[in-house]
Each structure stands twice: as C-alpha cells, then as structure tokens.
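Asker: This is the structure I want to talk about, given as structure tokens.
Bear in mind these aren't lab numbers, they're just calculated from the coordinates by the rules spelled out. Keep in mind it's a predicted model, so treat the numbers as computed, not measured. Using ideal geometry, Cβ is built from the backbone for each residue, glycine included, and neighbour counts are taken over all protein chains shown.
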Amino acid sequence: AFEIGMKKTIGRQLILNGSLFLNDYDGLQLNLSQLNEAGTAAASNFINVDARAWGLELEAMWQPMRNLQFLLSYGYLNTEITNGCCYYDPADPSAVLPSAKPAGGSVTSGGVLIRFQDLEGAQLVQSPENKVAFNANYTFDFTPGSLTLSTSWFWTAETYYQPFENPAFRVPSYSTADFRALWRDADDRHSVIAYVKNAFDEEGF
C-alpha cells in the first residue's frame, strides 16, 4: 500500500485535504458462488485473486462564520483484477453473454453446461468509481442552549456485486438526502436529536 497526502488551511476558514493511494493485492479473498470439486453442487466460497486499486480522495471544509459550516468530499476509485482464473458466473453459467470471458474448460452439472471464466480485467466488487458527499450545518445560539440544523447529500456511482461484468450484478448509481436537528442545553448536560434518513425515499442498493 502506498499513499501520499496533503493538508492545507487557508485563512482559518478553509481546510483542504487530499490523498492519492495505490493498493496492490496478492491473494485477495473474494466471496463467490462456485461449484464443488465434484461439480454436483454450488456453495458460497472464498476465492483468491490478484488485484490492484488506486484512487484519489479530496475533502474541503469551509466555515465562513462561526456558526455556519460546509463540507464537501469526493472519492475516485479505479480497481482491476490482474490475475484470477477460472470461475463460473452463477447468473450466466454457460458464459453466453457478450461480456463473458470463457477460460479454463467446462463441466456439465445437472444437465447444464458450466463454462469457467477468466476474471482478469474485471472490477473489484462493491467498488464504485465515484462518490460525492456534501453537508451543510448552522447553529443557532439561545440563552437556554443551542440548535444545530444539518443537511447531508450523498451520491455513489454504479457498481457490481460480483466480479463478472454481468448486468444481473450491476447496481445503478443513486443518491440520498438526510436531515438532522440537534438541541443542546446551555450546560451541555442534555441533548435531543431528531433526524430523517433518505428523506425523498430514493431506492439504492
């Protein structure tokens, strides 16, 4: 694992953080549904592949006044399996889809032709290429205490939940919005929190 980063404060109001990283995996474990050695049954097994992942993370926090704060973060992730063979796609066992990469032979199980595939070049699972998060909050100060109102927005790009470029495993991009209110008494002994998660009932996986 290699990482280089930067932290910078500008005018006591703006904080910028950034990092660039590279991870090189040897024998990374993935959970994948595969046939047993006899070719008679499928089970969820751990397989080992070689892979690499590199990316960029950026974060900015701006506080133009004492009670107001904005936060914005962005993440870019590029992943690839560099060596991994030979496994079958449980949603496309005969490897007939255009995205299939047959390799390593085949076997017939329960009357179904199982063609194994090479995972080289596929993305790592649950690794969306882009993510964005934003938060804004403002604090009202009163004699009895303080009230902080906050809103958050999060967006993530599409990703795959199996290491096959099969539309059956693709999860589309989605975004969510949350709202939160926090009351603290003047002596900071008690607090009350109210919040709404996924306020607009967006569907995400």
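Asker: Which members of the range 102-158 meet the condition of being in contact with a Phe, Trp or Tyr (Cβ under 6 Å, 6 or more places away or on another chain) and aliphatic (A, V, I, L, M)?
Answerer: ILE114, VAL125, VAL132, ALA133, ALA136, LEU147, LEU149
Asker: Could you tell me whether ARG66 is farther than 30 Å from ARG12 by Cβ and either touching a strand residue (DSSP E or B) at 6+ places or on another chain (Cβ under 7 Å) or of a type outside the set (Gly, Ala, Ser) (or both)?
Answerer: Against the criterion (farther than 30 Å from ARG12 by Cβ and either touching a strand residue (DSSP E or B) at 6+ places or on another chain (Cβ under 7 Å) or of a type outside the set (Gly, Ala, Ser) (or both)), ARG66 does not qualify.
Rundown of residues vs (1) within 30 Å of LEU147 (Cα to Cα); (2) surrounded by 14 or more Cβ atoms within 10 Å (Cβ to Cβ), yes/no style:
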residue: LEU14; (1), (2): yes, yes
residue: TYR25; (1), (2): no, yes
residue: SER44; (1), (2): no, no
residue: ALA51; (1), (2): no, yes
residue: GLN63; (1), (2): yes, yes
residue: LEU68; (1), (2): yes, no
residue: CYS85; (1), (2): no, yes
residue: SER94; (1), (2): no, yes
residue: LEU97; (1), (2): no, yes
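Asker: Inspect all residues belonging to the range 164-182 and state whether any of them is closer than 30 Å to ILE81 by Cα, touching a residue at least 24 places away in the same chain (Cβ under 8 Å) and of a type in the set (Lys, Arg).
Answerer: Within the range 164-182, not a single residue is closer than 30 Å to ILE81 by Cα, touching a residue at least 24 places away in the same chain (Cβ under 8 Å) and of a type in the set (Lys, Arg).
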